[in-house]
């Protein structure tokens with residue numbers, strides 16, 4: 001069943017309406033929209049610059065040279081097939097009170113700060129991603145500071161307090177952060193006034209590795225980076241030519257199979273589109289949770305790995321499983337997996353990835369009737385694009401389906417392209433609200449082929 005629109009989506013929609021007040025758009029018919037399947041806590045999408053091309057700038061620190069280029073306090077860079085950073089000699093010890101459990105504990109810590117990255121163009125949004133291993137008794141904090149054109153910086157925004165499990169801390173974003181120029185919307189740093197205010201032209205990232213004092217254990221961080229983007233303010237997008245006809249064999253899971261299960265994780269399966277999509281792609285690459293990891297799930301439940309994915313992506317502050325980087329971080333907990341959140345410029349980019357054998361998890365919003373055959377409307381929903389027909393229509397594993405067998409859908413190319421890539425749309429009341437502007441998750445393994453790595457590089461991801 002679809003889920004009612006969350007308070008975050010209502011707030012984002014209200015602010016998007018204000019920021020879009022000056023946008024001229026053709027009148028659109030207002031269809032009756034169903035409730036959202038699983039709204040994402042997105043910021044209002046700022047104007048990206050009229051009719052300009054999308055600017056999407058990805059920078060990820062992953063190599064031994066990358067880790068040596070940053071500023072380390074108690075962190076040691078490690079080489080090998082998957083270079084990363086670990087706790088060396090801790091920089092200090094500090095108490096932390098988990099706001100979601102009330103538990104106070106002392107932790108040793110070490111920090112790594114990236115060099116400043118200058119973005120390809122002034123950005124309206126910044127989204128961080130990380131891939132890390134956090135054994136029991138360890139966790140990490142990810143922070144981002146935006147640099148403005150006048151040479152000043154935002155505060156260090158906490159983007160996540162994160163661990164793969166939930167035994168030591170509760171995985172969570174942090175609300176209420178801002179400096180009057182940018183604000184944090186769960187997983188996104190967004191410009192407050194894109195028309196008149198400053199847009200970030202650079203950023204730095206900082207990761208703090210925490211461990212129980214004297215334990216000798218350490219988190220390992222293999223990837224840290226961000227997507228900086230400025231996407232044109234648009235209700236419709238240019239059509240991309242059709243090039244690929246291929247369908248990938250990706251496991252099919254329905255979120256609706258799990259309705260009513262584990263409501264402590266985002267009201268149960270009705271809101272699990274993001275972790276369900278993540279689990280499909282993790283398994284496409286041959287990874288699965290172990291029997292031990294699934295032991296907590298009721299043995300009477302089918303597809304217990306979807307329940308596991310929901311628990312492992314749950315954001316205790318947002319109270320949902322739709323935090324974009326948390327889903328990517330979950331996928332990267334599997335052996336040899338890489339995962340990021342980014343945007344793509346066009347459907348041609350997505351086709352190239354699918355053509356190389358990489359399924360793409362996409363975020364979109366639409367009214368019921370805007371996407372023929374969906375049968376629902378949504379303020380935010382994740383599905384997995386697994387192929388394209390000979391006519392160019394989109395083949396998607398859509399978890400908002402009644403059964404696993406019904407998950408495979410074929411959506412009309414032009415409709416699907418528009419609802420995914422636009423940054424402005426009309427809701428059921430005719431108000432201007434935001435669209436996701438081509439957001440997607442990309443997951444790929446260490447054994448990716450040269451053709452797959454080229455397709456990722458062409459999409460700006462290395």
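Data overview
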item	result
Evaluation of residue 266 against (1) in contact with a strand residue (DSSP E or B) (Cβ under 8 Å, 6 or more places away or on another chain); (2) closer than 15 Å to residue 332 by Cα (one fails), failing number	(2)
Filter result (more than 15 Å from residue 146 (Cα to Cα) and at pLDDT 95 or above) within region 181-206	186
Test set (1) at pLDDT below 95; (2) surrounded by 13 or more Cβ atoms within 10 Å (Cβ to Cβ) - residue 86 fails condition number	(1)
Strands (runs of 3 or more DSSP E) enclosed by region 147-221 - at least 2 residues per element that are within 17 Å of the chain's Cα centre (by Cα)	157-162, 182-185, 188-191
Unmet criterion (only one of (1) at pLDDT 55 or above; (2) surrounded by fewer than 24 Cβ atoms within 10 Å (Cβ to Cβ)) for residue 38	(2)
Residue satisfying condition, being on the phi > 0 side of the Ramachandran plot and either in contact with a helix residue (DSSP H, G or I) (Cβ under 7 Å, 6 or more places away or on another chain) or not assigned by TED's automatic domain parsing to the domain that holds residue 422 (or both), within set 392, 375	392
Any hit, region 133-149, residues being without any contact (Cβ under 8 Å) to a residue 60 or more places away in the chain, out of contact with any strand residue (DSSP E or B) (no Cβ under 6 Å at 6 or more places or on another chain) and closer than 26 Å to residue 73 by Cα	yes
Selection count where residues are under 21 Å from residue 323 (Cβ atoms) and part of a loop (DSSP other than H, G, I, E, B), scope region 245-258	1
Criterion: modelled with pLDDT under 95 and not in a helix (DSSP H, G or I) - qualifying residue of 374, 379	379
Scan of region 184-212 for residues that are under 22 Å from residue 100 (Cα atoms) and either outside the structural domain of residue 124 (by TED's automatic domain parsing) or touching a residue at least 40 places away in the same chain (Cβ under 8 Å) (or both), ordered by number	185, 186, 187, 188, 207, 208, 209, 210, 211, 212
Every residue from region 43-78 that is assigned to a loop (DSSP other than H, G, I, E, B) and at pLDDT 95 or above	62, 63, 70, 74
Flag if residue 238 is more than 21 Å from the chain's Cα centre (by Cα), buried (at least 23 other Cβ atoms within 10 Å of the Cβ) and in contact (Cβ under 8 Å) with a residue 60 or more places away in the chain	no
From 412, 422, 454, residue being under 18 Å from the mean Cα position of the chain (by Cα), at pLDDT 95 or above and over 18 Å from residue 255 (Cα atoms)	422
Residue satisfying all of: in region 355-375; under 30 Å from residue 290 (Cβ atoms) and surrounded by 20 or more Cβ atoms within 10 Å (Cβ to Cβ); farthest from the chain's Cα centre (by Cα) among these	356
Residue under evaluation residue 307, criteria (1) in a helix (DSSP H, G or I); (2) surrounded by fewer than 19 Cβ atoms within 10 Å (Cβ to Cβ), criterion not met	(2)
Lone unmet requirement of (1) crowded, with 24+ Cβ neighbours inside 10 Å; (2) in contact with a helix residue (DSSP H, G or I) (Cβ under 8 Å, 6 or more places away or on another chain) for residue 423	(2)
Subset of region 334-354 (residues that are touching a helix residue (DSSP H, G or I) at 6+ places or on another chain (Cβ under 8 Å), surrounded by fewer than 24 Cβ atoms within 10 Å (Cβ to Cβ) and in a loop (DSSP other than H, G, I, E, B))	334, 346
Filtered residues of region 271-312 (kept if under 25 Å from residue 187 (Cα atoms), in contact with a helix residue (DSSP H, G or I) (Cβ under 6 Å, 6 or more places away or on another chain) and without any contact (Cβ under 8 Å) to a residue 60 or more places away in the chain)	275, 279, 305, 306, 309, 310
Test for residue 437: is it surrounded by fewer than 23 Cβ atoms within 10 Å (Cβ to Cβ) and either touching a strand residue (DSSP E or B) at 6+ places or on another chain (Cβ under 9 Å) or part of a helix (DSSP H, G or I) (or both)	no
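The values are calculated or read from the model by the stated rules, or taken from the named source; none is laboratory data. As the structure is a computational prediction, the values presented were derived from the model and not from experiment. Glycine also receives a Cβ, built like all others from the backbone with ideal geometry; neighbour counts cover every protein chain displayed.
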